[in-house]
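The values are calculated or read from the model by the stated rules, or taken from the named source; none is laboratory data. Because the structure is predicted, anything quoted here is derived from the model rather than measured. Virtual Cβ from ideal backbone geometry, glycine too; neighbours counted across all protein chains shown. What goes into the accessible areas is simple: the full protein's heavy atoms, side chains included, and nothing from ligands, DNA or RNA. Shrake-Rupley method; radii C 1.70, N 1.55, O 1.52, S 1.80 Å.
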Amino acid sequence: MAAQVPSDALGRRVLCGTEYATVRYVGGVPPTAGIWLGVEWDDPQRGKHDGTYEGTQYFKCRHPRGGSFIRPNKANFGVDFLTAVKGRYGLNDEQDVQRGTENILVFGKKTVEFVGMDSIAEQQRQVRLNQLVDISVRECAVSHAGQKEEISRTCANIRHINLSKNLISLWETVTAIASEVQNLETLNISENKMKFPSTSTSVSSVFSKLRILALNQTEITWTEVLLCAPGWPALEELYLTLNNITVLERPDNVLQTLKLLDLSDNQILDGNQLHLIAHLPRLEHLILRNTGISSIHFPDAGFGCKTKMFPSLKRLAINSNKISQWSSINELDKLPSLRSLQCHNNPFMDTEKNQETLRQLIIAKISQLEVLNKSEILPAERKGAELDYRKIFGNDWLAAGGNWNPEKNKPSEEFLAAHPRYPSLCLKYGAPEEGELKGQQPLTLKNQLLTLTIKCPEKPEQKPVEKKLPESMTVQRVKGLLYRLLKIPGSELKLSYESSKLEGKEVELDNDLKPLQFYSIENGDCVLVRW
């Protein structure tokens, strides 16, 4: 007997074995007999053609070999939500039928049936379903909501649902399921290729308590996000990775409660697009990994001033992008609330081979940063980075019109554009003294590296560590490095060293601003750390 094809099969998502596809055609394919489904595979390697057979195009595919024809009995059109829940949590009808045989006992030749056991099992099942708060039916072939009010009657306490990688093809299906879950707080419907509304959705109470929504890999556009957003009045976290988002629009009176937005793996490309989402008042965490952006600029604020954009933004991830200029890092100092930054895998980081120096430069350029690339910035490290920055670029400052006399101190616009924090560092620590700048090596010159052993004499359980450090590295910067290397809490470090030539003699490193070479430290010497 031929398999029944649902009346709404066109556009539906199906599973064929372990492969996902979308139905693009239902009908005959002459000269063969019977009904065929023309499907576009998620994995184009699975296909054979672009929807054309024997010169006739039956449907279109994005990929020239992304399509196939399959018989309806090969396609799984999925199950309703509650069937999937019962199957996942071992509460389905089949198991109860098997259990029914356990209600019969045999005494000799006499068979005794325990009447009412089936209804007790049903009650217990209902109780167990009603106790479920956090439900995951990932990869359970869910395609529709099921009978109306069945979910609300059976699973009254659900708060969190994972519906990722199923066969949902319409946003309306998601709404139908959610409308029966009164206290829904978290919803993950990632990896469902579906159609979203093309006109603004009416405000309803379906998602009134929804705080976290994941729509990764659903092919949603930003326009469609904004059309659905009036229905998410309390949303705090929105995950939109791997979608068709290339252009942003300003959210007007929607997403105003949003605290986290993840736009990773969308080809946004133009950093100025970010201005369109810059006025979300509560946005604290913005994730922009691999979005193709090459620059960041906040034109409303000048050197040393704060922007009115992203007023609440505390955490920013811009790793794996195409940012090549340090000017974009300077711009981040304009963000009034920024505390944490992730910026690995950007071309600007290739301008400095020493990773420690690179870190110090970023710290010095962004005044309020507390965490860089997931590593905490301790006060000692910040002080060392800022003092070094002030010294390294001191000669450039003088050459650009900087002066120790405040009345004559007029550094050029070009210098201020490259080093907008320099004036505030001079105010904080004083302008660099002439003696500090004499013989100052350019930053790109490779300083001679010292191989030193680092020991903690009062902590014998801490194994000695060997490190290569530039001889021009200041004591302050060495301390910043050791805080992180040895995972020492924020207490004051005391450093000294033992020379390999003068056994038993210990020299205290007592001036944070002096470089290691000032103390005549040599290869093979041992730095002693106490706190």
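Find the residue count for segment 219-230, including only residues that are part of a helix (DSSP H, G or I) and open to solvent by 10 Å² or more (accessible area, probe 1.4 Å).
So the first thing to find is which residues in segment 219-230 are part of a helix (DSSP H, G or I), and the list is 222-230.
Going one step further and asking which of them are open to solvent by 10 Å² or more (accessible area, probe 1.4 Å), we end up with 223-224, 226-227, 230.
Summing the residues that are part of a helix (DSSP H, G or I) and open to solvent by 10 Å² or more (accessible area, probe 1.4 Å) in segment 219-230 gives 5.
Looking only at segment 412-440, filter to residues that are among the charged types (D, E, K, R) and more than 18 Å from A385 (Cβ to Cβ); which one of those is modelled with the lowest pLDDT?
So, considering only residues that are among the charged types (D, E, K, R) and more than 18 Å from A385 (Cβ to Cβ), the one modelled with the lowest pLDDT is K438.
Given the options L316, L286, name the one that is touching an Asp or Glu at 6+ places or on another chain (Cβ under 9 Å) and at pLDDT 95 or above.
L286 is the lone residue from the list that is touching an Asp or Glu at 6+ places or on another chain (Cβ under 9 Å) and at pLDDT 95 or above.
Out of (1) modelled with pLDDT of 80 or more; (2) out of contact with any Cys (no Cβ under 8 Å at 6 or more places or on another chain); (3) not charged (D, E, K, R), the odd one out for L445 is which?
So the condition that L445 fails would be (1).
Could you please find all residues in segment 350-372 being part of a loop (DSSP other than H, G, I, E, B) and in contact with a helix residue (DSSP H, G or I) (Cβ under 8 Å, 6 or more places away or on another chain)?
Scanning segment 350-372 gives E352, I366, S367, L369.
Which condition breaks for Q517 when tested against (1) within 35 Å of the chain's Cα centre (by Cα); (2) open to solvent by 80 Å² or more (accessible area, probe 1.4 Å)?
So the condition that Q517 fails would be (1).
Collect the residues in segment 207-218 that are assigned to a loop (DSSP other than H, G, I, E, B) and either touching a Leu at 6+ places or on another chain (Cβ under 8 Å) or not β-branched (V, I, T) (or both), keeping them in residue-number order. So that I can check it myself, show each step before the final result.
Our first condition is that a residue be assigned to a loop (DSSP other than H, G, I, E, B); within segment 207-218, this holds for 207-211, 215-218.
Within segment 207-218, F207, S208, K209, L210, R211, L215, N216, Q217 qualify.
Please pick out the residue among F81, F59, F69, F77 that is buried (at least 17 other Cβ atoms within 10 Å of the Cβ) and in contact with a helix residue (DSSP H, G or I) (Cβ under 6 Å, 6 or more places away or on another chain).
F81
Please verify whether N244 is modelled with pLDDT of 95 or more, in contact with a Ser or Thr (Cβ under 7 Å, 6 or more places away or on another chain) and assigned to a loop (DSSP other than H, G, I, E, B), treating the condition exactly as stated.
no
If I go through segment 279-305 residue by residue, how many of them are touching a Ser or Thr at 6+ places or on another chain (Cβ under 8 Å) and small (G, A, S)?
Qualifying residue count for the region: 4.
Which members of segment 155-174 meet the condition of being open to solvent by 10 Å² or more (accessible area, probe 1.4 Å) and either of a type outside the set (S, T, Y) or in contact (Cβ under 8 Å) with a residue 60 or more places away in the chain (or both)?
A156, N157, R159, H160, N162, K165, S169, L170, W171, E172
Sort out which residues of segment 330-372 are in contact with a Cys (Cβ under 8 Å, 6 or more places away or on another chain) and farther than 25 Å from P281 by Cα, and write them in order of number.
Scanning segment 330-372 gives M349, I362.
Being of a type outside the set (A, V, I, L, M) and open to solvent by less than 30 Å² (accessible area, probe 1.4 Å) is the filter here, so list the residues in segment 365-374 that pass it. Give the derivation first.
Initially, segment 365-374 is screened for residues of a type outside the set (A, V, I, L, M), giving 365, 367-368, 370, 373-374.
Matches in segment 365-374: K365 only.
With the requirement that a residue be under 14 Å from P251 (Cβ atoms), free of Cβ contacts under 8 Å to residues at least 40 places away in the same chain and in contact with a Ser or Thr (Cβ under 6 Å, 6 or more places away or on another chain), what does segment 183-229 give you?
Answer for segment 183-229, where residues must be under 14 Å from P251 (Cβ atoms), free of Cβ contacts under 8 Å to residues at least 40 places away in the same chain and in contact with a Ser or Thr (Cβ under 6 Å, 6 or more places away or on another chain): just L227.
R128 is checked against (1) at pLDDT 90 or above; (2) open to solvent by 80 Å² or more (accessible area, probe 1.4 Å); (3) in contact with a Phe, Trp or Tyr (Cβ under 9 Å, 6 or more places away or on another chain) and fails just one. What number does that condition carry?
(1)
For segment 387-402, how many residues meet the condition of being among the acidic types (D, E) and more than 16 Å from A418 (Cβ to Cβ)?
Selection size over segment 387-402: 1.
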